Amino acid sequence: MPSPGTSQQPAFLELYSGWASTQMGGLLYGRAHKGQRPPLPTEGDELERKLHQSFLALELHALAGAQVHLSGFPSAGVMSADANGFLTVSLPAGMPPGPIRITAQLLEPHYTAPEASTTVSVVGTTAPTLGVISDIDDTLTDTQIAHKLEVLKNTFFHNTYDVQIFAHAAQVIAAVAGADSALVPVLPVFYLSGSPWSLHERISDAFDRVGLPHGAMILRRYSQEPLDPFEFKRPHLLEIVDAYPGRMWILFGDSGEKDPEVYHALIQARPNVAAAVFIHNVTESDPQDPRFDGFTTFSDWGETLPHLQEKGFMSRSG
């Protein structure tokens, strides 16, 4: 705590997302920033304001090495952020299944920040032993990958109200995962994307508006993780499936970058973890292309429904 008369500068904490299983534990992601939290975008913001908001979110000053006190789980205590302000906290095995509320408090004497909190779902071993892992960009959200010049604009100029989510995507994921009226799913859900963590709030707000189930979101730490999508995603996928022994996964990706390749690599490394793989064909590729071997390709999310029903994956739709 600061001593009397100590001048404090503004800062803020974010607890982005987290996940855990009763068997193996899990991870919590967050970040400590210097300065004020940027304002939320408003519907109808002008293009210049959207650009300013996006770059502000990406260029916030990290609070390097920040000391943060975490509470709400066994072994919680004081944790240190890395040189880029990121917190990656191990959650212990053995926690009972269900939601846990985790709170973070900044301990830096020269900075003051409101507490931050998030809810993490601890998943047990009860049936059905299935889960959902989905890419975001071009799988769930439309970045117009076919028009390369649009991708930059759609990343940096769009606020949360402009994020375009493909028709029927939310309904399909909710039906498979069994989401209730509060968007809490029956099955564990992961959203894995190479987008920067700075866009977490924008993406999660857009997901809530269209009814995508709540799930653990894993985005990229640009200062530390590979830019190559295969090299970025592969270790995270292995980390996820290894933390849920005995569980099989319904995987969703797209044809735009390397989702087919990374899913093939996952299946080769862990042969029994993929219940099914669905690839959103956003590049008008030949569905018979060898990179899609064993996978189901689709151009519209509505096309996935007969396949999911045939495989018995819609029984939790409610």
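Only the coordinates and a few stated rules stand behind these numbers; no lab work does. All figures in this text were calculated on a predicted structure; none of them were measured in a lab. So basically every Cβ, Gly included, is an ideal-geometry build from the backbone, and we count neighbours across all protein chains shown.
Over the Cα atoms of segment 160-318, each weighted equally, I'd like the Debye log10 I(q)/I(0) at q = 0.08, 0.09, 0.17 Å⁻¹, rounded to two decimals. At q = 0.08, 0.09, 0.17 Å⁻¹ the computed log10 ratios are -0.22, -0.29, -1.16.
Scalar couplings 3J(HN,Hα) for segment 62-67, obtained by applying the Karplus form with A = 6.51, B = -1.76, C = 1.60 to θ = phi - 60°, are 6, 9, 4, x, 4, 8 Hz; x denotes Gly and Pro. With both labels modelled 7 Å from their Cα along Cα-to-Cβ, the Thr103 to Phe230 distance reads 4.7 nm.
Remark: Asp138, Asp254 ranked as Asp138, Asp254, counting other beta-carbon atoms within 10 Å and listing the fewest first.
As a footprinting exposure proxy, order Tyr111, Tyr244, Tyr263 by other Cβ within 10 Å, with the fewest listed first. Could you put the intermediate results ahead of the total?
Numbers: Tyr111 19, Tyr244 22, Tyr263 27.
Starting with the residue having the fewest Cβ neighbours, the order is Tyr111, Tyr244, Tyr263.
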